[in-house]
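Working notes, beginning with the structure itself.
The values are calculated or read from the model by the stated rules, or taken from the named source; none is laboratory data. This one's a predicted model, so the numbers in the text were calculated from it and none came from an experiment. Because the Cβ atoms are built from the backbone with ideal geometry, glycine has one as well, and the counts that use them run over all protein chains shown. Accessible surface is based on the protein model in full, side chains and every heavy atom, while ligands, DNA and RNA are left aside. Shrake-Rupley method; radii C 1.70, N 1.55, O 1.52, S 1.80 Å.
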Amino acid sequence: MTALEHPMIGKWRITEMELWDSDFIDLLGPGYIQFDPEGGGEFVFGAVQGGLDCNYGQASIHFTWTGHDEMDEASGDGDAQLEDDGTLTGDIRFHLGDESSFIAKR
């Protein structure tokens, strides 16, 4: 399978996070995570923004990210997997900081 054919390519709306409620997730607009076929992507939730460097598995993606948490530089890693019901589940981890699971839908 090529990256263009990967079932997780595209934009996913973050609907739930373990550490933050929906008001925070959508603080500056709808929270989302997006994967592109070139191995990149981005996420935005609350006041956090990150650019992704992705490694694609069969039905999963592992990524590292760099970006900002409010005005502070931030980085970390994460992963996402496609569930049987069509949702995306995963974790976003901050280097030396928080880790939160998430659920996203197309």
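Descriptive notes on the structure:
- Fraction of accessible area attributable to carbon and sulfur, the chain (%, probe 1.4 Å): 48 percent
- Over the chain, the alpha carbon radius of gyration divided by the compact-protein estimate 2.2 N^0.38 Å works out to 0.98.
- For the pair Asp72 and Asp23, a Förster radius of 30 Å applied to the C-beta separation gives a FRET efficiency near 0.90, rounded to the nearest 0.05.
- Pair Thr89, Thr64: separation of 7 Å Cα→Cβ label points (nm): 2.7 nm
- Loop-located GluC sites (Glu not before Pro) in region 18-57 whose Cβ has at most 16 other Cβ within 10 Å (DSSP): Glu18, Glu38
- A 1.4 Å probe run over the protein chains yields, for the chain, 55 Å² of accessible area per residue, whole-number rounding.
- The loop-placed GluC sites (Glu not before Pro) in region 43-106, going by DSSP, that have at most 14 neighbouring Cβ atoms within 10 Å of their Cβ come out as Glu70, Glu83.
- Only DSSP H runs of four or more residues enter the estimate; each adds -39500 (n - 2.57), and after division by the residues of the chain the mean residue ellipticity at 222 nm equals -500 deg cm²/dmol.
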